[in-house]
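Reviewing the structure listed below.
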Amino acid sequence: MYATRAEAANAVRVRDIIKAIKGDKIDPLTRRPYVEIVVERMAASVGASLEDILNADSVLIPVPGSGLTRPNTVWPALSICNALRKFGLGAAIETSLRRAHAVQKSAGNQTRPSLEEHYKSFSVQGTLTAAKNLTLIDDVVTSGTTLMAAREF
């Protein structure tokens, strides 16, 4: 997901949905997590091509946020992975990719962490599954630097 800084109604709506997913919010009308609603709609609109990518051989790897992962906190990329699995996408979730140390948040900052800074901040905790297909899942992609660093790691 990516929302520009535009103030058009659709841009504001997308930013609100991103905030709802990042905050693990529940839709008051359906009483379901926003992340599940978004994944369900995405899966319905993209259809079989998404199933081709996130098939029974694909292990989902949530990309950690800029900070250190702490117990009982929201990890939006993991929430997205859980929603994808709920709708039968991907074979499993592997949470081995973590931050060894925090990096500056990208959102709202003039200077973003470099590819090297992201790369050096990652670590693998435990063992990473030797799966045929690993699929990195991030909550918001703007420049793609975090994903590129995670891919290289």
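Only the coordinates and a few stated rules stand behind these numbers; no lab work does. Just so you know, these numbers come straight off a predicted model, no measurement behind them. Glycine gets a Cβ as well: all are built from the backbone with ideal geometry, and neighbour counts include every protein chain shown.
Count Lys and Arg as plus one, Asp and Glu as minus one, and take only other residues whose Cβ is under 11 Å from that of VAL103; the net charge is then +2.
Peptides 58-65, 13-20, 120-127, 33-40 ranked from most to least packed give 58-65, 33-40, 13-20, 120-127, packing being the mean of other C-beta atoms within 10 angstrom over each peptide's residues. Taking the helices alone, the chain has a mean residue ellipticity at 222 nm of -11500 deg cm²/dmol, built from -39,500 (n - 2.57) per DSSP H run of at least 4 residues and averaged over all its residues. Our estimate of slack between THR129 and MET148, defined as 0.36 nm per intervening residue step minus the Cα-Cα distance, is 4.9 nm.
Residues whose amide H falls under 5 Å from that of ASN133, counting only those 5 or more places apart or on a different chain, are VAL59, with hydrogens built in the peptide plane.
Express the Stokes-Einstein translational diffusion coefficient of region 48-152 in µm² s⁻¹, to the nearest whole number, given a Kirkwood radius over alpha-carbon pairs, 25 °C and a viscosity of 0.890 mPa s. Let's see the in-between values first.
Numbers: Rh = 14.3 Å.
For the chosen part, D equals 172 µm²/s.
Amide H to amide H distances under 5 Å link ILE93 with LEU60, where only residues 5 or more positions off or on other chains count and H is placed in the peptide plane. Calculated FRET efficiency, ARG85 and LEU29, Cβ-Cβ r, R0 30 Å, to nearest 0.05? In this case the efficiency is close to 0.80.
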